[in-house]
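Okay, so here's the structure we're looking at.
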Amino acid sequence: MNIIHVSSYEELSRKAADIIAAQVILKPDCILGLATGSTPIGTYQNLIKKYQQGDLDFSKVTTFNLDEYLGLTPDHPQSYRYFMNDNLFYHVNVHPECTHVPDGCAADPKAYGLAYDQAILEQGGIDLQLLGIGNNGHIAFNEPADEFVKETHTVELKQSTIEANKRFFESIEQVPTKAITMGMGSIMKAKKVLLIADGPAKKEAIEKAFYGPICPQVPASILQLHPDLTVICHLD
Ligand code: GLP
């Protein structure tokens, strides 16, 4: 585990983008696992800049996103599909059909989740998984629980997560209470994991996740067992 402390959000974003760019340069047809939330926005902006400067080519890249709110259609401005299109995909030359975000409106979410995991496996697995972290230690939408769940599955969001994410919606009532999320299986099977955390609100989650015991009540703590984990933190 490599924990890098940086002194600004800008530095965090540049370093994270450099690591992702290196992955794409070394393996142009790589599989990237991507994340949403406010933290990766700067990372995506740096990747777009590198693409515009001619330093990065996404034409052979495939992406799989971590999660999606249940019930939000892809054109809903708060859906994670909309976020990814708006913050990355529409600004680089990734082929739209090679980008995957879980379908929050799947008729049979359980079967859909298994098919999503299978699609990742068939592509050869994730080369580099980007993660944020929730204030309560969640990764993707794997909330604190009594056990780690392996497959892509649906979850009830914790009240603390709904509170934390209400800033993106007009009112708390509009925040979906359920989501579909990649489980720990595909995340832990990723060849490399890069977790980014910004701001004092993430300090406790980072301490518990990487300096405390491994337990499902702190979902990110399982990453301590990952053989190639980099954490970039700006916690001031
Ligand atoms: C959501 C996402 C997570 C993300 C978290 C933190 O809950 N499902 O993938 O890590 O928010 O978001 P932020 O970066 O805005 O703090």
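Structure above, values below:
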item	result
Residue under evaluation Gly71, criteria (1) more than 27 Å from Gly42 (Cα to Cα); (2) surrounded by 15 or more Cβ atoms within 10 Å (Cβ to Cβ); (3) within 16 Å of the ligand (Cβ to nearest atom), criterion not met	(2)
Scope the range 6-49; condition aliphatic (A, V, I, L, M), touching a helix residue (DSSP H, G or I) at 6+ places or on another chain (Cβ under 8 Å) and in a helix (DSSP H, G or I); matching residues	Leu12, Ala16, Ala17, Ile20, Ala21, Ile41, Leu47, Ile48
Residue in the range 50-58 that is within 16 Å of the ligand (Cβ to nearest atom), surrounded by fewer than 21 Cβ atoms within 10 Å (Cβ to Cβ) and part of a loop (DSSP other than H, G, I, E, B) present	no
Qualifying positions in the range 106-131 - over 24 Å from Phe58 (Cβ atoms) and surrounded by 16 or more Cβ atoms within 10 Å (Cβ to Cβ)	Ala106, Pro109, Tyr112, Gly113
Enumeration of residues in the range 96-132 that are within 16 Å of the ligand (Cβ to nearest atom), without any contact (Cβ under 8 Å) to a residue 60 or more places away in the chain and either more than 22 Å from Ala164 (Cα to Cα) or not in a loop (DSSP other than H, G, I, E, B) (or both)	His100
Qualifying residue in the range 170-188 (condition: surrounded by fewer than 21 Cβ atoms within 10 Å (Cβ to Cβ), over 16 Å from Gly134 (Cα atoms), more than 10 Å from the ligand (Cβ to nearest atom) and hydroxyl-bearing (Ser, Thr, Tyr))	yes
Lone unmet requirement of (1) without any contact (Cβ under 8 Å) to a residue 60 or more places away in the chain; (2) within 12 Å of the ligand (Cβ to nearest atom); (3) not in a helix (DSSP H, G or I) for Asn135	(1)
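Where a number appears in this text, it was derived from the coordinates with a stated rule and is not lab data. Everything quoted here is computed from the prediction, not taken from an experiment. Neighbour counts run over all protein chains shown; Cβ positions are idealised from the backbone, glycine included.
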